[in-house]
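Here is the structure we will look at.
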Amino acid sequence: MVGLNDQIRGVAERFAEAGFTALVPDLYRGRSTVEAEEAHHLMSGLNFGEAAQQDIRGAVQYLKGRNIGRGKVGVTGYCMGGALTVLSSTMVPEMDAGVIWYGLPPLEYVDASKIKVPLQAHWATQDGAFPIANVDCLEAKFKEANVCYEGFRYLAHHAFANETAQGRNRIAITQYDAAWAQMAWDRTMRFFGTTLG
């Protein structure tokens, strides 16, 4: 699934129910799909750098301008949104914290020395889309740059926190896991509660 769909709206509502103001930038300008081929087309056409520097930064600046809560803003995302969270931590100086959910950009685009905010991440050790070996390399970059970072690994598949990700055949790479999803959510709530106030 790609785009501003019911599942993503549900995540935003969950954040709102937990007391946060949630804003989801529509990176695809109203387009969404559940078809694999169209999803690939939309994702491959997205300029990730522009999405981080313009859409996500604009959303963060908008929330900062409204001075909601204590004026602190966190960025989070799942899969592609996780990759955009990593990029945003290097390109959006106004953000105050980030939570990455099983997604990372190509490592050559990550200048960890630019990351000045605390990050938390949730990785699936059985992830077919984002191999854990790449996570090891990303975490090494974070360590070398002294990024304030905590990462958690779960014996799970890609999209383990997406309740609509039900692997139906032997080649599916996604699979929801309610127990790991809840544990990761609780950790996220504690992290944002501490870093955003």
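The values are calculated or read from the model by the stated rules, or taken from the named source; none is laboratory data. Just so you know, these numbers come straight off a predicted model, no measurement behind them. With ideal geometry, Cβ positions are generated from the backbone for all residues, glycine too; neighbour counts draw on all protein chains shown.
Below is a table of values for the structure above.
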quantity	calculated
Enumeration of residues in region 72-120 that are in contact (Cβ under 8 Å) with a residue 60 or more places away in the chain, among the hydroxyl-bearing types (Ser, Thr, Tyr) and under 18 Å from GLN61 (Cβ atoms)	THR76
Qualifying residue in region 49-58 (condition: within 24 Å of THR21 (Cα to Cα), of a type outside the set (S, T, N, Q) and modelled with pLDDT of 90 or more)	yes
Pick from region 88-147, criterion of a type in the set (D, E, K, R) and surrounded by fewer than 14 Cβ atoms within 10 Å (Cβ to Cβ), ranking: farthest from GLY77 (Cα to Cα)	GLU144
Residue check, VAL117 closer than 21 Å to THR194 by Cβ and not in a strand (DSSP E or B)	yes
Subset of region 154-197 (residues that are small (Gly, Ala, Ser), at pLDDT 95 or above and either more than 16 Å from VAL75 (Cα to Cα) or surrounded by 14 or more Cβ atoms within 10 Å (Cβ to Cβ) (or both))	ALA156, ALA161, ALA178, ALA179, ALA181, ALA184
GLY128 being modelled with pLDDT of 90 or more, among the small types (Gly, Ala, Ser) and in contact with a His (Cβ under 9 Å, 6 or more places away or on another chain)	yes
Residue selected from region 59-109 under the condition over 12 Å from the mean Cα position of the chain (by Cα) and among the polar types (S, T, N, Q), by the criterion modelled with the lowest pLDDT	ASN67
